[in-house]
Amino acid sequence: MASDTDTRDTAATSDDFQIRSEPFYLPTGKEVELFEAAYAARLPVLLKGPTGCGKTRFVEHMAWRLRRALFTVACHEDLSATDLVGRFLLEGETTVWHDGPLTRSVRLGAICYLDEVVEARKDTIVVIHPLTDDRRVLPVEKRGELLRADDDFMLVASYNPGYQSILKDLKQSTRQRFVALEFTYPPVEVEVSVLQFEAGVDESTARDLVTIGQKVRNLKGHGLEEGVSTRLLVYAAQLVARGIDPVTACEVAIIGPITDDHELQRSIREIVTTVI
């Protein structure tokens with residue numbers, strides 16, 4: 001029979017979640033300066049932008065820059081408040097409390113990053129509200145505890161406005177608790193540099209792939225729900241760097257992932273063969 005004794009999980013330290021080497025990131029505006037100012041003011045930050053445009057890499061870069069541990073939560077429709085805050089687990093004959101990633105971040109003064117926060121259930125998101133105003137507290141109801149955030153704690157969330165709907169949107173009561181940074185695909189020269197660095201391809205190859213990406217993005221709203229991400233362009237470049245011919249690389253890393261529509265695929269193939 002389990003005892004009534006419970007112990008908070010303290011095995012993890014901030015060092016366990018510290019980013020040791022600098023993640024490659026090229027600023028496209030004042031996002032670094034604005035993030036640092038928000039951190040200094042202890043303000044929560046919302047990153048808005050299309051998938052694969054560099055939001056997660058930016059958070060990793062800023063965590064390294066600020067020397068803060070980073071806890072990343074990939075939000076989904078089954079994510080519960082318990083998943084974020086923590087739960088009691090039976091270990092032998094003892095019931096032991098294990099902090100969730102949000103609670104660990106609050107205790108350790110880390111950055112907690114809720115990736116694609118709009119995917120989480122609305123009743124789950126409510127748990128972050130007391131952390132996003134001047135109270136900076138987290139109610140841990142199962143322990144009867146009101147946990148005050150460490151001075152260095154920061155909450156960051158991201159989502160893709162292109163996928164908003166009546167069912168998949170942030171309530172105003174949540175949105176207006178954050179300062180928002182807008183992200184989009186990098187400018188051409190920056191994106192070329194990203195492909196060269198991430199994949200090790202030459203400038204000509206990187207520029208061809210970026211040109212294809214730019215042209216495919218112009219199809220958004222004309223049958224294409226989302227433009228090709230920088231992430232997919234990097235994938236294509238990495239395949240080319242490993243000996244795959246560029247047209248085939250574009251087929252499997254760009255055309256296949258972004259649409260199943262045969263007419264759209266044919267249009268994108270024409271773009272690829274025109275550029276390459």
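Since every read-out is calculated from the coordinates, none of them should be taken as a lab result. All values derive from a computational prediction rather than experimental measurement. All Cβ positions, glycine included, derive from the backbone under ideal geometry; neighbour counts span all protein chains shown.
Numbers for the structure displayed
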{"item": "Amide H within-cut-off set for Thr95, under 5 Å, with H built and near neighbours excluded", "result": "Ser3, Thr5"}
{"item": "For segment 190-276: span of alpha carbons on each principal axis (Å, largest first)", "result": "32, 24, 20"}
{"item": "For the chain, calculated [θ]222 nm from helices alone, where every DSSP H run of n ≥ 4 adds -39500 (n - 2.57)", "result": "-10500 deg cm²/dmol"}
{"item": "Check: the chain dipole with +1 on Lys, Arg Cβ and -1 on Asp, Glu Cβ, in debye", "result": "620"}
{"item": "Length-normalised contact order of the chain in % [C-alpha pairs under 8 Å, at least 6 apart]", "result": "20"}
{"item": "³J(HN,Hα) computed for each position of segment 125-131 - Karplus, 6.51 cos²θ - 1.76 cosθ + 1.60, integer Hz, glycine/proline x", "result": "4, 4, 5, 7, 3, x, 8"}
{"item": "Tally of Lys pairs whose C-alpha atoms are under 30 Å apart, taken over the chain, 8 or more apart or cross-chain", "result": "25"}
{"item": "Under Karplus coefficients 6.51, -1.76 and 1.60, residue-wise ³J(HN,Hα) of segment 206-218 in Hz, glycine/proline x", "result": "4, 5, 4, 5, 5, 4, 4, x, 4, 5, 5, 4, 5"}
{"item": "Calculated from backbone phi, Karplus (6.51, -1.76, 1.60) coupling profile of segment 78-86 in Hz, x at Gly/Pro", "result": "9, 5, 9, 4, 4, 4, 7, 8, x"}
{"item": "Trypsin sites (Lys or Arg not before Pro) restricted to DSSP loop in segment 43-84 with at most 14 other C-beta within 10 Å", "result": "Arg67"}
{"item": "Read-out P(r) over Cα pairs in 10 Å bins from 0, in percent, derived from the coordinates shown; its label in (i) 7, 29, 34, 19, 9, 2, 0; (ii) 6, 25, 28, 22, 13, 5, 1, 0; (iii) 6, 29, 37, 22, 5, 0", "result": "(ii)"}
{"item": "Segment 188-275: relative contact order as a whole-number percent, Cα under 8 Å and 6+ apart", "result": "29"}
